[in-house]
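Here's the structure, in structure tokens; my notes come after.
The values are calculated or read from the model by the stated rules, or taken from the named source; none is laboratory data. Predicted, not measured: the structure shown is a model, and the values here were computed from it. Using ideal geometry, Cβ is built from the backbone for each residue, glycine included, and neighbour counts are taken over all protein chains shown.
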Amino acid sequence: MSLKLGAYTACLHDRPLEEALDVLQADGLTSVEVNTGGFIPSPHCHVDLLLSSEQARRDYLETFSSRGMELTGLNCNGNPLNPLPGVGPKHADDLRRTIELAGLLGVRHVVTMSGTPGSDPDARYPSWVVNPWDGVYMDVLDYQWGVAAEFWTEIDALARASDVRVAIEMHPHNLVFSPVTLRRLVDTIGATNTGAEMDPSHLMWQGMDVVACIRDLGPLVFHAAAKDAMITPGVDIRGVLDTSFERVPADAPGKVPTGYGFWCNAWPENPGWRFVAVGVGHDVDWWAEFLRALADVDPDMAVNIEHEDAAYDRLEGLALAAENLRAAAEKL
């Protein structure tokens with residue numbers, strides 16, 4: 001088994017890239033994924049410089065290889081179909097530039113989200129249809145899939161020209177949030193270079209069988225995240241679809257941007273589910289089955305930890321996730 005175990009460095013954005021890599025190396029990880037735009041800034045990847053300078057690209061890759069590490073993915077998660085002028089166009093441009101940069105760096109995979117358009121051509125805000133039992137929502141979906149097909153046909157062609165594969169995180173709030181919708185996009189545009197990033201956490205809280213999802217998609221799984229989730233007692237009265245979030249105060253430290261003038265909101269105190277460190281929501285045996293299913297698709301696949309468990313200090317949580325992920329790999 002030669003799966004590449006690593007981490008996405010967004011949880012270490014408060015320190016320089018070299019220090020972040022030293023943290024990953026100390027945790028026994030060798031694969032690295034960095035952010036290049038979209039929802040959050042990209043302090044670990046200076047995209048403009050790297051696009052413009054071959055020497056800068058060589059020096060950048062040497063930062064990883066000198067530590068025995070490999071840059072396996074560029075992450076540009078955002079909403080490139082958002083009709084807000086300060087969000088959608090920027091995220092779409094970030095994605096195009098990320099694909100170009102990945103090709104120049106020889107990085108095979110770009111991670112992103114499918115995006116969600118507005119409900120109609122005049123919509124000001126994105127609209128995610130959860131359950132289209134009412135016929136009007138089928139009209140919305142027909143429009144949205146038309147917008148997505150046009151955009152993703154272009155992106156798939158760009159990825160093909162750059163010899164890059166785009167791995168879509170199946171994330172709620174997006175048109176593509178499940179294996180069924182991932183296949184719909186691929187089939188609609190006849191994609192050759194668009195597939196899935198297998199982040200199990202968002203499938204977990206939706207009630208899916210993650211290993212079954214991997215087997216269903218098979219070779220359409222390009223890349224993977226190691227991110228855990230658990231259903232919590234609040235689910236008794238909230239379910240897993242819950243709108244009782246609150247705005248983060250304007251002066252709060254560490255606010256996370258999602259677009260110009262927009263920020264991540266605060267979770268309810270007693271949520272129905274939450275993200276947890278790898279091994280907390282699902283035990284090591286479960287993660288071994290997850291890795292085994294991925295290895296059956298591609299024994300060289302990169303599996304990068306995405307740490308978002310607020311119950312742990314970032315270094316502590318990342319170390320715990322790495323320990324459990326490595327323990328799962330040893331069972332294969």
**Prompt:** Which residue pairs have Cβ atoms closer than 7 Å, lie 6 or more positions apart in sequence or on different chains, and pair a first residue in the range 175-187 that is without any contact (Cβ under 8 Å) to a residue 60 or more places away in the chain with a second residue that is hydroxyl-bearing (S, T, Y) and buried (at least 20 other Cβ atoms within 10 Å of the Cβ)?
**Reply:** V186/T194
**Request:** Return a yes/no flag: does the range 251-269 have any residue that is among the charged types (D, E, K, R) and surrounded by 14 or more Cβ atoms within 10 Å (Cβ to Cβ).
**Result:** no
**Request:** Only one of these is in a loop (DSSP other than H, G, I, E, B) and surrounded by fewer than 22 Cβ atoms within 10 Å (Cβ to Cβ): V140, V130, V147. Name it.
**Result:** V130
**Asked** What is the number of the single condition among (1) farther than 30 Å from W128 by Cα; (2) in a helix (DSSP H, G or I) that C11 does not meet?
**Response** (1)
**Request:** Return a yes/no flag: does the range 55-63 have any residue that is more than 16 Å from the chain's Cα centre (by Cα), closer than 28 Å to R326 by Cβ, in contact (Cβ under 8 Å) with a residue 40 or more places away in the chain and buried (at least 19 other Cβ atoms within 10 Å of the Cβ).
**Result:** yes
**Asked** Of these, W205, W152, which one is at pLDDT 95 or above, more than 21 Å from H109 (Cα to Cα), hydrophobic (A, V, I, L, M, F, W, C) and crowded, with 20+ Cβ neighbours inside 10 Å?
**Response** W205
**Asked** Restricting attention to the range 69-89, and to residues there that are among the hydrophobic types (A, V, I, L, M, F, W, C) and either part of a loop (DSSP other than H, G, I, E, B) or at pLDDT below 95 (or both), which single residue is nearest to L3 (Cα to Cα)?
**Response** M69
**Asked** Does V23 count as in a strand (DSSP E or B), modelled with pLDDT of 95 or more and either aliphatic (A, V, I, L, M) or more than 19 Å from T112 (Cβ to Cβ) (or both)?
**Response** no
**Message:** Only one of F177, F245, F222 is of a type in the set (F, W, Y) and more than 18 Å from the chain's Cα centre (by Cα). Can you tell me which?
**Reply:** F245
**Prompt:** Got at least one residue in the range 90-102 being of a type in the set (A, V, I, L, M, F, W, C), more than 26 Å from N304 (Cα to Cα) and either touching a helix residue (DSSP H, G or I) at 6+ places or on another chain (Cβ under 7 Å) or modelled with pLDDT of 95 or more (or both)?
**Reply:** no
**Asked** Checking T232 against (1) closer than 29 Å to R326 by Cβ; (2) buried (at least 19 other Cβ atoms within 10 Å of the Cβ), which single condition isn't satisfied?
**Response** (2)
**Item:** Where G115 falls short, out of the listed (1) buried (at least 23 other Cβ atoms within 10 Å of the Cβ); (2) over 17 Å from Y260 (Cα atoms)
**Value:** (2)
**Complete:** Restricting attention to the range 107-127, the residues that are outside any loop (DSSP other than H, G, I, E, B) and either farther than 18 Å from W152 by Cβ or of a type outside the set (S, T, N, Q) (or both) number exactly 3
